[in-house]
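The values are calculated or read from the model by the stated rules, or taken from the named source; none is laboratory data. Everything numeric here is computed off the predicted structure, so don't read it as measured data. Virtual Cβ from ideal backbone geometry, glycine too; neighbours counted across all protein chains shown. Each accessible area value is taken on the protein alone, full model and side chains, heavy atoms only, with ligands, DNA and RNA left out. Shrake-Rupley method; radii C 1.70, N 1.55, O 1.52, S 1.80 Å.
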Amino acid sequence: MYDISVVMPVYNGEDHLRESIDSILAQTFENFEFLIVCEYGSNEESVAILEEYAAKDPRVKILYNKERLVISASLNVGMKAAQGEYIARMDGDDISMPRRFEVQKLYMDMYPDIGMC
């Protein structure tokens, strides 16, 4: 079981994708799965980047949409597949600081009545 499931929808995000994925994989808190929802119609370069990371790190799992969905529907695809206690939201052009999950999990554990941070 994972403590955190990271859900990130991607559509043609090759310009910032590596930097974004690297910022998640460099987290000080490591018990997470990284669910990347690849939007139908994403270009070959984006798909190649995703597959490269999935081949290197078993926490990276790619979910391929079979039709073009909007971002909220893609997030729902990722959340339905999530196995973590908490869900962390990420975009393909976001950068997370190295202690993001460590701090957020600590906060959520300390304050169980809080629904999101």
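See the values below:
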| item | result |
| --- | --- |
| Carbon and sulfur %, accessible surface of the chain computed with the full protein complex present, 1.4 Å | 54 |
| Helix 100-110 axis, angle to the chain major axis (alpha carbon atoms, nearest 10°) | 40 |
| Rg(Cα) / (2.2 N^0.38 Å) computed for the stretch 67-117, rounded to two decimals | 1.33 |
| Förster-model FRET efficiency, 25 Å R0, residue 67 and residue 3, C-beta, rounded to 0.05 | 0.20 |
| Point-charge dipole on Cβ atoms (K/R +1, D/E -1) for the stretch 22-117, about Cα centre, debye to 20 | 260 |
| Extension gain (nm, one decimal) between residue 28 and residue 91, 0.36 nm per residue minus Cα-Cα | 20.7 nm |
| Solvent-accessible area per residue, Å², over the chain with all protein chains present [probe radius 1.4 Å] | 58 |
| Compactness relative to 2.2 N^0.38 Å, alpha carbon Rg of the chain | 1.02 |
| The chain: angle of helix 71-81 to the longest principal axis, Cα-based, in degrees nearest 10 | 60 |
| Residue 11 accessible area, assembled protein chains, probe 1.4 Å, Å² | 100 |
| Two-site FRET efficiency, residue 16 against residue 111, from Cβ-Cβ distance with R₀ of 30 Å, rounded to 0.05 | 0.40 |
| Acute angle (nearest 10 degrees) that the helix 44-56 long axis makes with the longest principal axis of the chain, alpha-carbon atoms | 50 |
